[in-house]
Amino acid sequence: MTSFTPLIDSLPATVPFVGPEAILRRSGIPMRARIGANENVFGPSPKAIAAMQEAASESWKYGDPEVHDLRAAIARHHGIGTENVTVGEGIDGLLGIAVRLFVEPGVTVASSLGAYPTCNFHVAGFGGRLVTAPYVNDREDPSSLLDLARKENARLIYFANPDNPMGTTWKAGEVQDMIDNIPAGGVLMLDEAYHEFAEGTVPALDMTNPHVLRFRTFSKAYGMAGVRVGYALGHPHLISAFDKIRNHFGVNRLGQAGAIAALADQDYLKSVQQRVARARERIYAIAQFNGFGCVPSSTNFVAVDCGRDGAYARRILEGLATHGIFVRMPGVAPLNRCIRISVGSGKLSSFSPSSLNRSMNFGRMNVTRKVTMPTATIMTSTG
């Protein structure tokens, strides 16, 4: 057999996410409600769709390898220079480049136990050493994370605000305090994928700080997850390093055109923000009606607290899957007492509460229900 490097030989051949497509292939159950991947079902701006449709006719051309026009649009939007912007294949792709810039075998990266796992995936892929701090009250804890980074001499610190998978946040001033106390030699990777849903959580952009990379995306509020366009903001010294190793044709023509149009249509973004806020309230009401709690969310998903442990929450998740309802759950205790439900639009499917109870094999557990009706209905909120 062909041999690989020792590092590659040590890694599992795995995809870190189980997508709804894989569930469908495995189970054969039609997907009736796709509300587990935090996709924005309200979709892109119609102007973005039109721009991508127009760009499709020229898809025989490569995309601009410098992503010049999109970088310029992002820079104008944020009031910074183009030298402070790099664009890549979503935050996931950019995290991989950032880790590659700083991590080699044995280098330490600090994160939170249960945080977004793609960072961990890249750290392992480059031979890094991952250390984790616990969540406190369902939030990543900046103080514990910084203490851990100092203790372990971490080169990178990963922190998401708002958080995924819990949807919790820290206020802008608290995040700024974290930035002001980054340990010497460290770089903070600040994942702000959901920031458009979370007013008051974003500290001012300071492009003079060479110890912070800010990651943002068109996947969530802009509804373009399938196109794969994200960007990083930072000091020119940090940003220019991405050009050394990035995939220069990774962001295609359609993605570049769609992102420019989406960014220009802030009225549509505001309408999405309003619909997502209403949708969260609907999920809160459905959960409360059925005896569940919710972790207050500043994202386009809600962590529904099932009230027991991970095994109990997983039975709920698996019971929903038997009805074609795709949701996810956090991977570690105590966060895994929750299931994570993305917001959506309108009624998806209906069935009797008794059938759902039988599928889960425990008590009164019709997970979602029409508030005004006695029969259970799997719904997301009307936008």
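Numbers below:
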item	result
Residue among T86, T14, T5 that is over 22 Å from V272 (Cβ atoms), buried (at least 21 other Cβ atoms within 10 Å of the Cβ) and among the polar types (S, T, N, Q)	T86
A37 being aliphatic (A, V, I, L, M), part of a loop (DSSP other than H, G, I, E, B), touching a helix residue (DSSP H, G or I) at 6+ places or on another chain (Cβ under 9 Å) and surrounded by 11 or more Cβ atoms within 10 Å (Cβ to Cβ)	yes
G79 at positive phi and over 22 Å from the mean Cα position of the chain (by Cα)	yes
Residue in region 156-168 that is at pLDDT 95 or above, farther than 21 Å from R216 by Cα and out of contact with any strand residue (DSSP E or B) (no Cβ under 8 Å at 6 or more places or on another chain) present	no
Selection status of R280, modelled with pLDDT of 95 or more, outside any loop (DSSP other than H, G, I, E, B) and not hydrophobic (A, V, I, L, M, F, W, C)	yes
Condition check for G127: surrounded by fewer than 19 Cβ atoms within 10 Å (Cβ to Cβ), touching a strand residue (DSSP E or B) at 6+ places or on another chain (Cβ under 8 Å), at pLDDT 95 or above and in a loop (DSSP other than H, G, I, E, B)	no
Some residue of region 298-319 being under 27 Å from P203 (Cβ atoms), among the small types (G, A, S), touching a strand residue (DSSP E or B) at 6+ places or on another chain (Cβ under 9 Å) and at pLDDT 95 or above	yes
Of all residues making up region 284-314, the number that are of a type outside the set (F, W, Y), surrounded by 15 or more Cβ atoms within 10 Å (Cβ to Cβ) and assigned to a loop (DSSP other than H, G, I, E, B)	6
Residue within region 251-262 that is assigned to a loop (DSSP other than H, G, I, E, B) and surrounded by fewer than 23 Cβ atoms within 10 Å (Cβ to Cβ) present	yes
Search result, residues across region 68-111 that are more than 13 Å from G234 (Cα to Cα) and touching a Leu at 6+ places or on another chain (Cβ under 6 Å)	A73, H77, G88, F102, V109, A110
Count of residues meeting criterion [assigned to a loop (DSSP other than H, G, I, E, B) and more than 22 Å from the chain's Cα centre (by Cα)] in region 99-115	5
Test: E196 is within 17 Å of the chain's Cα centre (by Cα), charged (D, E, K, R) and over 24 Å from E104 (Cβ atoms)	yes
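The values are calculated or read from the model by the stated rules, or taken from the named source; none is laboratory data. Please read these numbers as outputs of a predicted model, since none were measured by experiment. Note that each Cβ is placed from the backbone with ideal geometry, even for glycine, and that neighbours are counted across all protein chains shown.
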